[in-house]
Amino acid sequence: METIEALIHRRSCRKYSDRPVEAEKLARIIEAGQYAPSGMGRQPVTFVAVTDPATVERLSQLNAQVMGSNGDPFYGAKTVVVVLVDRNVPTHLEDGSLAMGNLLNAAYALGVDSCWIHRAHEVFDSPEGLELLASWSLPADGSLRGVGHCILAMPRTRYPSPNPAATTSST
Ligand SMILES: Cc1cc2nc3c(=O)[nH]c(=O)nc-3n(C[C@H](O)[C@H](O)[C@H](O)COP(=O)(O)O)c2cc1C
């Protein structure tokens, strides 16, 4: 897909099919994030791809908790890329946001639906969020700041399935 077309036509999607995002596409989307520019090229961004259902559920619960709700802020998406930044780097927020943008645009270019889900800051400053960081072998000393969750899923089928009755021939 042409770059400008992807940038113009990408939209946030909140209803998906249950088809999983292929591992190759997920890897490619994260690679696009890793190539985002960063202040002085310091590259302070960490990406965590989460596909384990129990951990996606945990992230969703922690996110909902920040809002005081018990809904699913991930809209049922089964793949989440958590974007974290080293807050000791002066441009950490700008760098993390650019990386998030790359993820969203790359996903669209690869035919994967996405949406930025907020509240990563609150989630990863909480004791439960710090516990998750430790379980991912990441620093849980407060140096990492959550920027966002990029939820990913395959689009719903855009066309209705063929009606079997309409294709049955009679003799
Ligand atoms: C910083 C940021 C935070 C966002 N947080 C959420 C969110 O928590 N939940 C959600 O459904 N969409 C969220 N979005 C998506 C925006 O609602 C969406 O990008 C905006 O409405 C424009 O729509 P578009 O992405 O289809 O162009 C967020 C977007 C940004 C940039």
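The values are calculated or read from the model by the stated rules, or taken from the named source; none is laboratory data. Just so it is clear, the structure is predicted and the values come from calculations on it, not from any experiment. A quick note on method: Cβ atoms are made from the backbone with ideal geometry, for glycine too, and the neighbour counts reach across all protein chains shown. The area values use the complete protein model at the heavy-atom level, side chains included, leaving out ligands, DNA and RNA. Shrake-Rupley method; radii C 1.70, N 1.55, O 1.52, S 1.80 Å.
With the checklist (1) more than 22 Å from SER137 (Cα to Cα); (2) free of Cβ contacts under 8 Å to residues at least 60 places away in the same chain; (3) touching a strand residue (DSSP E or B) at 6+ places or on another chain (Cβ under 9 Å); (4) open to solvent by 100 Å² or more (accessible area, probe 1.4 Å) in hand, flag the one item PRO73 doesn't pass.
(4)
Out of the stretch 33-70, which residues are part of a helix (DSSP H, G or I), open to solvent by less than 70 Å² (accessible area, probe 1.4 Å), under 21 Å from GLY96 (Cα atoms) and touching a helix residue (DSSP H, G or I) at 6+ places or on another chain (Cβ under 9 Å)?
Of everything in the stretch 33-70, those that are part of a helix (DSSP H, G or I), open to solvent by less than 70 Å² (accessible area, probe 1.4 Å), under 21 Å from GLY96 (Cα atoms) and touching a helix residue (DSSP H, G or I) at 6+ places or on another chain (Cβ under 9 Å) turn out to be GLY33, GLY39, LEU59, LEU62, ASN63, VAL66.
Looking at the stretch 65-79, which of its residues are within 12 Å of the ligand (Cβ to nearest atom) and touching a Leu at 6+ places or on another chain (Cβ under 6 Å)?
none
Quick grid of which residues meet (1) of a type in the set (Asp, Glu); (2) modelled with pLDDT of 95 or more; (3) closer than 16 Å to VAL123 by Cβ:
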position: ASP18; (1), (2), (3): yes, no, no
position: LEU26; (1), (2), (3): no, yes, no
position: SER38; (1), (2), (3): no, yes, no
position: ASP72; (1), (2), (3): yes, yes, yes
position: THR79; (1), (2), (3): no, yes, no
position: ASP86; (1), (2), (3): yes, yes, no
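Quick one: which residue in GLY111, GLY96 is within 15 Å of the ligand (Cβ to nearest atom), small (Gly, Ala, Ser) and either under 26 Å from GLU22 (Cα atoms) or open to solvent by 20 Å² or more (accessible area, probe 1.4 Å) (or both)?
Criteria check complete, one pass: GLY96.
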